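Here is the structure we will look at.
The values are calculated or read from the model by the stated rules, or taken from the named source; none is laboratory data. What you see is a predicted model; the values in this text were computed from it and never measured. Cβ sites come from the backbone with ideal geometry, for glycine too, and all protein chains shown count toward neighbours.
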Amino acid sequence: MTIHKTTQHSLMPADAELHAYVDGELDTARRAQIDALLPTHPDLARQIDAIRAAAQQLRASLPEPSPADTPARLDPFRIRRTLRDRAQRRMAVAASLVMALGIGGVGGWQTRELAMRQNYLPMADAVQAYRMFAASEGPQVVDVSATDPRALQSWLDRHFVQPAPLPDFTQYGFRPAGGRLMPTEQGTAAMVLYRNDQGQTIVYYVRPPGNLLRFGNGNRQDGNLLAQYWRQGRYSYAVVSPTDTPVTRTLQQAIEPSRRDAT
Amino acid sequence: MSQTLTDDALREVIPRLRRFALTLTRQEASADDLVQACLERALSRGAARHHDGDLRAWLFTILYRQFLDGQRRAKRYAGVLALFGVGDDADMAPSTEDVVLARSALQAFNHLPAEQRALLTLITVEGLTYQEAADTLGVAIGTIMSRLSRARKAMRDMTEGQPARPTVQVLK
């Protein structure tokens with residue numbers, strides 16, 4: 001209230017002070033000073049009366065509306081309801097948006113996975129590896145040409161972490177002939193070629209499972225080839241062997257993954 | 001933090017809100033729109049913003065802010081209309097005839113700028129303290145004092161334009 005201080009010493013009140021006087025905003029000391037001035041200063045009293053009269057006139061011109069005239073739309077109960085409805089509507093819109101996105105997203109994703117599963121042939125790369133390398137003769141198709149299972153095993157151990165032991169197919173007439181590494185989508189894969197005395201070939205195939213689609217154990221006929229595959233530890237394994245010869249049948253029966261315990 | 005806003009407490013204040021809104025908009029329909037917007041704001045932000053202070057002053061503050069927001073929007077809109085050659089509405093500016101007719105305090109009052117109307121309503125009609133009015137209007141208390149004497153002087157000037165009845169009485 002700076003104005004009070006500045007006029008503290010001047011007796012005659014400033015215009016703003018007169019208003020403050022009428023509005024009851026003056027401190028008691030200053031108010032008393034002005035009250036003391038009034039009897040001797042009729043002009044001051046007239047100014048104050050004029051301010052009072054004008055204020056009174058304005059109050060009379062702006063009567064408080066009757067509560068009965070309040071429109072129904074301004075009733076607090078109704079406004080609360082309106083707000084609630086609006087909030088619920090917003091929630092409903094938001095929920096339906098979330099639903100739509102959710103259905104679209106989840107549905108789309110599932111459809112995608114379904115489509116991929118339908119098109120995806122488990123261990124197709126193993127079969128592919130057989131077709132590319134096992135059919136051709138000659139040592140140039142392999143990285144390591146070794147007939148000693150232990151040499152091949154240590155070669156596998158260098159490239160994989162704790163791979164399963166190399167299968168022994170000697171009782172079916174197949175002996176290891178060499179190994180080869182190849183890149184796949186899921187990571188480095190290794191194939192080991194086995195041959196028998198007739199020059200027939202089977203392929204043992206190891207690779208990381210990949211993280212897109214997981215499949216367990218099973219077998220799949222692809223042309224004249226049978227791919228038998230299973231998961232064990234960190235890797236997926238497959239044996240690809242021809243089906244158009246009786247010599248592999250006992251072998252296939254022996255390693256049939258559906259007879260293995262799921263790991 | 002706050003007492004809950006009961007419907008009854010609000011109902012009690014609504015007539016005063018309507019009067020304040022009417023002095024701002026000077027049209028009943030838009031005044032009630034303003035009150036509705038004010039109540040919606042008050043109830044949606046809810047009790048969280050309602051501090052222990054005077055319910056009436058709190059609602060006045062909300063209402064005045066809504067009014068200023070609306071004015072700003074209207075000004076922008078008027079600017080857009082002016083671009084298309086539509087004149088701004090002249091009915092709010094006092095014509096010569098209006099000023100001559102400003103016999104009553106209310107007519108004089110209605111020719112004041114909105115901020116002065118708000119100020120006079122809050123202090124003279126509603127009896128708010130200068131501090132409460134300053135808080136409601138968002139200005140310093142010194143501004144309240146200077147504006148108040150300016151507003152009352154402007155009203156006096158307008159109403160003194162009418163035939164001087166007191167003089168006649170003195171002569172009699």
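Scanning the range A:53-72 for residues that are closer than 25 Å to B:Asp157 by Cβ and facing chain B (nearest Cβ under 7 Å) turns up A:Ala54, A:Ala55, A:Gln57, A:Leu58, A:Arg59, A:Ser61, A:Leu62.
The numbered conditions (1) surrounded by fewer than 10 Cβ atoms within 10 Å (Cβ to Cβ); (2) touching a Lys or Arg at 6+ places or on another chain (Cβ under 8 Å) are all true for A:Pro67 except (1).
For A:Arg84, state whether it is assigned to a helix (DSSP H, G or I), without any contact (Cβ under 8 Å) to a residue 12 or more places away in the chain, crowded, with 16+ Cβ neighbours inside 10 Å and within 14 Å of chain B (Cβ to nearest Cβ). So A:Arg84 does not fit the description; no. When A:Ala54, A:Ala60, A:Ala68, A:Ala16 are screened for being assigned to a helix (DSSP H, G or I), without any contact (Cβ under 8 Å) to a residue 40 or more places away in the chain and over 25 Å from B:Leu17 (Cβ atoms), only A:Ala16 passes.
The single condition among (1) over 33 Å from the mean Cα position of the chain (by Cα); (2) surrounded by fewer than 15 Cβ atoms within 10 Å (Cβ to Cβ) that A:Glu185 does not satisfy is (1).
Only one of the listed residues (A:Pro246, A:Pro183, A:Pro176, A:Pro242) is within 28 Å of A:Glu113 (Cβ to Cβ) and not aliphatic (A, V, I, L, M). That residue is A:Pro183. At least 1 residues being at pLDDT below 90 and closer than 25 Å to A:Arg84 by Cβ is the threshold, and among the helices (runs of 4 or more DSSP H) wholly inside the range B:1-114 those reaching it are B:7-25, B:28-45, B:55-83.
Just one residue in the set A:Gln228, A:Gln198 is at pLDDT 80 or above and over 22 Å from A:Leu156 (Cβ atoms); that residue is A:Gln198. Just wondering, is there one or more residues in the range A:27-44 that are assigned to a loop (DSSP other than H, G, I, E, B) and within 30 Å of B:Ala37 (Cβ to Cβ)? No; the residues of the range A:27-44 include none that is assigned to a loop (DSSP other than H, G, I, E, B) and within 30 Å of B:Ala37 (Cβ to Cβ). Inspect all residues belonging to the range A:36-52 and state whether any of them is more than 56 Å from the chain's Cα centre (by Cα), among the acidic types (Asp, Glu) and more than 9 Å from chain B (Cβ to nearest Cβ). Checked against the condition, which is being more than 56 Å from the chain's Cα centre (by Cα), among the acidic types (Asp, Glu) and more than 9 Å from chain B (Cβ to nearest Cβ), the range A:36-52 yields at least one hit.
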